[in-house]
Structures are given as C-alpha cells and as structure tokens.
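Chemist: Take a look at the following structure, please.
The values are calculated or read from the model by the stated rules, or taken from the named source; none is laboratory data. Bear in mind the structure is a predicted one, so any value in this text is a computation, not a measurement. Positions of Cβ are generated from backbone atoms using ideal geometry, with glycine treated the same way; all protein chains shown enter the neighbour counts.
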C-alpha cells in the first residue's frame, strides 16, 4: 500500500526545500526529487549573489522581504554592485534609475572617478555606473541546507531518485507513480520542479503556462591581477555580462539566455568565448587560465514573474515555479507566501506587504 501525505512537493532544489520547510509544521509532506541529490541542477550552479534589482521592480518586494531572514541566518556577506555603462548609454542609465524609483532599492549614479576607485584597470569607454551598495554574496549551499534541515526536523519525507512519471486524480487527491515503480498518494500536488515545471503540469493534466528554461553560463578565471577581495559585482547596464570575485579567482558570465529543453545543462564553447571577450573589453587584466565552466537552467514564465498559487483549472495542483535567476535570493519570502496561500493561512510580518496577485497562475490566462 502506498504512503499517504497531505502534500507532495516535486523537486528538492531551493524551491522545493524551502516550500516543504514552510509547510512542514502544518501538514504531512513528501519531497520527491528525481536526482540522486537535492539541488543538483540550478540551485547547485548559482552565481551566488543577492542583488535587489535582479528580476525587476515587481520582484523587488520578494527580495527585500527576504533580506532580514537571510541576514539573521548569517548567509549574506556585503559585496556591493555596479551596473557599468558608457557615454552612449546615458539613456539606459536614466531609464534604469526611473524604473526602480520608489521601489525601495537604494541605488545612485556614479561617475568615472568613483568607478575607477572600485574597479582597477577599467578601460576608457566605461565612464559611469549605477551603484547598489546593498548587494551581497549569498551562501547558497548554506541556505539550501538550512531549509532541508528544517524540512527534516518537521518530519518531511525526502525521497531521492524518484522521477514522477504519472499523476492521476483519485477522488479529491492524487495517485503519484514514480519511475522506480514506487507510488504515493497526496491531497495536493505542488510543482517546484524548476525547468521541469511545465512537464510536471502536463503529467498532472494541467495546462502548461509557458515556463521556459534558459541556459546561463558561468566560468571561473585566474587573472593578472587577481580580482580585489572587495571588488563589487560588476554588471553591464544592457545585460551583456557580469563578474565578481570568488576567493582569488573571478566568476564571469556572458549573461546568456539560450532556450533549452529541461536537461543537465552544459556550457557551450561559444558562450565561454563570448564571456571572455566581453570581459576583456571592460578591464585590462590578463586572463591566465580558464579553470572551470558550468551552466544552469533559469526558468521564466512569459512575463518573467514567478508563479505561486493554485492552478485555476486543475483541482489540487499548486504552482511554485518560474523563479528565473532570483529564486534563491527571494526564497524566504516566496516560500512563506506560497505556503500561506496553499494552506489558506494568514500573512505574517514577512509577507504582509506582498501582492500575491502579481504571482498567481491565473494571470497567465
């Protein structure tokens, strides 16, 4: 006889781990992961920064609401960020400042002199920036393990190597069949499967929402000079690159967004070459060695906002997906909001100011 749960959460990356941890005090939860370890895909491949502007103004409330929780756990380390630009980008800088005006994010314009003090070896075309002092490095593994530990302490049942292959409505619940031949029953099926969110919906008889996985490449370089320990996260105002120090090495991305089927993503040589070429146009540092390369899939709904809530057509199916590159930095507020929505529980101090309608699945038609 299959085990019964109140809620089955599919996917044990940061989304599934955080949602399960928030649900655990109130319900019996199965956390089912297809891989041999939680967080194998996107969570384990993050560039590891907490950046208030990331995701746009409608994601800012989730990021800001998550900040106190992350700081209390000691998972944020001050870094600062710079969106760098050239003279011809004056309009883009003005538009950026206008876009985030009134959002609660602390940003300010910075001229060439201030930029040179923060980024040594800066090449001449780069004359201005937008500074975001609150940007921080985030301990992704620490946050993921925190939520897995909370889930464990709350008696969440974690099963690994169980890929969902069928989800059938049975009365007012679900019969879930896994690739290894095991099965389970649950009152609610929650998809926290990242790049696999739409395929899970299809298995459950729900209509896909158009959540698209996009490949993002990151490489690790050894450079001369080595990056200063206090170098800010440096991003292009047009989204063509970002880089930051990691110890005495540099992490660099071409900020690529290549559509991909859900898979174990791997970097492509062209993206690696583009990243290095763009970096060499920013600073006069020498690239001594390419030491590592990796890629992950960041999944977006058509409007690039996350999807939290009940499917409007398929009873018992709950979405917690479409969190792009901001799913880790927003995890505390997002998971709590989603759990409160699923359980029909009242808001608390963390979520009181959040507009859940912005993220509801029904907005996507």
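Chemist: Just for the stretch 253-302: of the residues that are exposed (fewer than 15 other Cβ atoms within 10 Å of the Cβ) and part of a loop (DSSP other than H, G, I, E, B), which one is farthest from the chain's Cα centre (by Cα)?
Modeler: Ranking the qualifying residues of the stretch 253-302, first place goes to 284.
Chemist: Report yes if residue 312 is part of a loop (DSSP other than H, G, I, E, B), surrounded by 14 or more Cβ atoms within 10 Å (Cβ to Cβ) and either without any contact (Cβ under 8 Å) to a residue 40 or more places away in the chain or over 23 Å from the mean Cα position of the chain (by Cα) (or both), otherwise no.
Modeler: Taking the combined requirement at face value, the residue satisfies it.
Chemist: State whether one or more residues within the stretch 211-230 are closer than 24 Å to residue 316 by Cα and either at pLDDT 95 or above or more than 24 Å from the chain's Cα centre (by Cα) (or both).
Modeler: yes
Chemist: Surrounded by fewer than 18 Cβ atoms within 10 Å (Cβ to Cβ) and either on the phi > 0 side of the Ramachandran plot or in contact with a strand residue (DSSP E or B) (Cβ under 8 Å, 6 or more places away or on another chain) (or both) - does that describe any residue in the stretch 61-69?
Modeler: no
Every residue, every condition in (1) in contact (Cβ under 8 Å) with a residue 60 or more places away in the chain; (2) at positive phi, yes or no:
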{"site": "58", "(1), (2)": "yes, no"}
{"site": "75", "(1), (2)": "yes, no"}
{"site": "98", "(1), (2)": "no, no"}
{"site": "121", "(1), (2)": "yes, yes"}
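Chemist: Yes or no: the stretch 221-241 includes at least one residue that is in a strand (DSSP E or B) and surrounded by fewer than 19 Cβ atoms within 10 Å (Cβ to Cβ).
Modeler: Within the stretch 221-241, one or more residues are in a strand (DSSP E or B) and surrounded by fewer than 19 Cβ atoms within 10 Å (Cβ to Cβ).
Chemist: Can I ask one more? Are any residues in the stretch 346-365 loosely packed, with under 14 Cβ neighbours inside 10 Å and in a loop (DSSP other than H, G, I, E, B), and if so, which ones?
Modeler: 346, 348, 349, 352, 353, 355, 365
Chemist: Restricting attention to the stretch 201-212, and to residues there that are surrounded by fewer than 24 Cβ atoms within 10 Å (Cβ to Cβ) and touching a residue at least 24 places away in the same chain (Cβ under 8 Å), which single residue is farthest from residue 244 (Cα to Cα)?
Modeler: 205
Chemist: Which of the numbered conditions does residue 247 fail, given that it passes all the others? Conditions: (1) more than 18 Å from the chain's Cα centre (by Cα); (2) at pLDDT 95 or above; (3) under 25 Å from residue 114 (Cα atoms).
Modeler: All conditions pass for residue 247, except number (2).
Chemist: Let me ask something else. Taking the criterion of being closer than 24 Å to residue 40 by Cβ, in contact with a helix residue (DSSP H, G or I) (Cβ under 9 Å, 6 or more places away or on another chain) and at pLDDT 95 or above, would at least one residue in the stretch 338-354 satisfy it?
Modeler: Within the stretch 338-354, one or more residues are closer than 24 Å to residue 40 by Cβ, in contact with a helix residue (DSSP H, G or I) (Cβ under 9 Å, 6 or more places away or on another chain) and at pLDDT 95 or above.
Chemist: Out of the residues in the stretch 183-200 that are surrounded by fewer than 20 Cβ atoms within 10 Å (Cβ to Cβ) and more than 26 Å from residue 295 (Cα to Cα), which is nearest to the chain's Cα centre (by Cα)?
Modeler: 187
Chemist: Now a separate question. In contact (Cβ under 8 Å) with a residue 24 or more places away in the chain, surrounded by 22 or more Cβ atoms within 10 Å (Cβ to Cβ), more than 14 Å from residue 328 (Cα to Cα) and not assigned by TED's automatic domain parsing to the domain that holds residue 262, is that true of residue 33?
Modeler: Here the answer is yes, as residue 33 does meet what is asked.
Chemist: Across the stretch 16-29, which residue is nearest to the chain's Cα centre (by Cα) among those that are closer than 14 Å to residue 186 by Cβ and buried (at least 24 other Cβ atoms within 10 Å of the Cβ)?
Modeler: 16
Chemist: Can you list the strands (runs of 3 or more DSSP E) lying wholly within the stretch 40-139 that have 1 or more residues being closer than 30 Å to residue 215 by Cβ?
Modeler: 76-78, 81-86, 126-132, 136-138
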